[in-house]
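Take a look at the structure below.
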Amino acid sequence: MAALTKQFLALLGAMLLSVPASAQLSSENFEFKQISSGENRPGISLDALTQDIILALYSGDTLADLANRGEHNRADIDARVEVLVAEGLATEQPDASLSLAFPVMTLAETPQSMPVSPALIDDSVALIVAHLPEVRTAYAQLAGFEHVSFEESSLLILSNVLLDNWQINGIEADILGTERPSRGGGNYYLALMEKSGPEEEAFGIYGNHFTLLDGLALGLYGNRRYSGPANIITLPDTETLTARLGPDADVSSAAVRQRLAETLRALHRDPAHEAAAGEIALLRQFGLIDADNRVLIPIFGMATYEALSDMANAFRPELAALLQAHLPELRSHYERSPYATHGVSFEEYFIWWYHLYYSRVTDALAERGEIRIPAAVNTTYLGVLAE
């Protein structure tokens, strides 16, 4: 079981997680995002104080200016700055100023500093469309997808597998040839991004949320994972869960997810499986089963994870070649950007540009009808770690 779990984590590779936060400079519209896998996570609190400090630095304010606003005292600010420096997220300059090692991405600046070429989007869409026949052929052989049409899985396959979660480790190796930055004992990329509205995630970036359960792994892919309709990751409020599952039920998030995931697996084996009415109601609400209790999402094991990796690997050489051809233009944009001036590495710049890029390609594929965005907004999938 431990070996399978490690292999599964390795196959999943990068996860793009949003960490909601609040701060100054219309701070309610900002959120942290990180690219990490396994235990490679920030070793500090990405809370309101951290965000306030970062946005103050970004906007040219001093730490004294921040303290004078009265929301945080100077001692707490100075202590958190020391933590940021120790984590490797900020660097003290000779003039005692601080530079950030990761990007702050604003709606006003980022489109100019990290532009995604419309021609590159068109070329990428054309490349994916050209590969659709072989992708569909491979899809038809995937165990655990037999009950889900390609159209219903298209967001998972064409975006998450070909471009994002199953692909990103290979793209990092082919394009960057370097490990993720070492910070606080882990290896991860970080960004603070401005959102355009309350529901869609910052810059409409699609990301993969992965939760490891007991014997199962739960995945959620989309760009409204945390602020869109309630789903098996976010879950409804405690009052709703108690009303559905009963007053004596454990309605902690972990317990509810485990229970619902196990019911999904049981229904996948046998739609006649008798499950609690409240669980059925929740699974229907999340769009995971239909009116006849048939499971609507993929449920698969390690062999299929590997087959999905093979699908991504087969596509990667042409994708990498397309990106390599664009690299000189992208480096030129980087060198003229404030990110380069402020000490953000090209690798960190590239990885966040790549997320903007594949998200725009995903949108273009959806506009063409090649990707069908699910009625539930996001795509859910369930991995079986132990048979």
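The values are calculated or read from the model by the stated rules, or taken from the named source; none is laboratory data. Here the structure is a predicted model, which is why all the values come from computation and not from measurement. We place every Cβ from the backbone using ideal geometry, glycine too, and count neighbours over all the protein chains shown.
Descriptive notes on the structure:
- Some residue of the range 356-370 being assigned to a loop (DSSP other than H, G, I, E, B), over 20 Å from the mean Cα position of the chain (by Cα) and closer than 27 Å to Arg225 by Cα: yes
- Picking from residues in the range 199-216 that are farther than 24 Å from Ile371 by Cα and touching a residue at least 60 places away in the same chain (Cβ under 8 Å), the one that is surrounded by the most Cβ atoms within 10 Å (Cβ to Cβ) is Leu216.
- Residues that are farther than 30 Å from Arg316 by Cβ, of a type in the set (D, E, K, R) and either assigned by TED's automatic domain parsing to the domain that holds Ser332 or not in a helix (DSSP H, G or I) (or both) occur at least once in the range 44-54.
- The criterion of being in contact with a strand residue (DSSP E or B) (Cβ under 8 Å, 6 or more places away or on another chain), over 21 Å from Ala376 (Cβ atoms) and surrounded by 12 or more Cβ atoms within 10 Å (Cβ to Cβ) holds for Gly301.
- Residues that are within 14 Å of Pro181 (Cβ to Cβ) and of a type outside the set (Lys, Arg), drawn from the range 38-51: Asn40, Pro42, Gly43
- Taking the numbered list (1) at positive phi; (2) at pLDDT 70 or above; (3) under 20 Å from the mean Cα position of the chain (by Cα) in turn, Gly38 passes all entries but (2).
- In the set Leu107, Leu49, only one residue is buried (at least 18 other Cβ atoms within 10 Å of the Cβ) and either in contact with a strand residue (DSSP E or B) (Cβ under 7 Å, 6 or more places away or on another chain) or at pLDDT 85 or above (or both); that residue is Leu49.
- Within the range 248-295, the residues that satisfy the criterion of being touching a helix residue (DSSP H, G or I) at 6+ places or on another chain (Cβ under 7 Å), part of a loop (DSSP other than H, G, I, E, B) and buried (at least 17 other Cβ atoms within 10 Å of the Cβ) are Val251, Ala275, Leu288, Asn293.
- Here Phe203 fulfils each of the conditions (1) assigned to a loop (DSSP other than H, G, I, E, B); (2) at positive phi apart from (1).
- Exactly one residue out of Arg80, Arg74 is basic (Lys, Arg) and in contact (Cβ under 8 Å) with a residue 12 or more places away in the chain, and it is Arg80.
- Residue check for Ser182: under 14 Å from the mean Cα position of the chain (by Cα), among the polar types (S, T, N, Q), more than 17 Å from Thr304 (Cα to Cα) and in the same structural domain as Ala275 (by TED's automatic domain parsing): no
- Residue match in the range 310-320 (condition: part of a loop (DSSP other than H, G, I, E, B) and in the same structural domain as Arg136 (by TED's automatic domain parsing)): no
- When Pro133, Pro118 are screened for being in the same structural domain as Thr380 (by TED's automatic domain parsing) and either within 30 Å of Arg331 (Cα to Cα) or touching a His at 6+ places or on another chain (Cβ under 8 Å) (or both), only Pro118 passes.
- Odd one out for Leu155, checked against (1) within 30 Å of Arg336 (Cα to Cα); (2) in a helix (DSSP H, G or I); (3) at pLDDT 95 or above; (4) not β-branched (Val, Ile, Thr): (1)
- Hey, Ser196 over 21 Å from Gln324 (Cβ atoms), surrounded by fewer than 17 Cβ atoms within 10 Å (Cβ to Cβ) and touching a helix residue (DSSP H, G or I) at 6+ places or on another chain (Cβ under 8 Å) or not: yes
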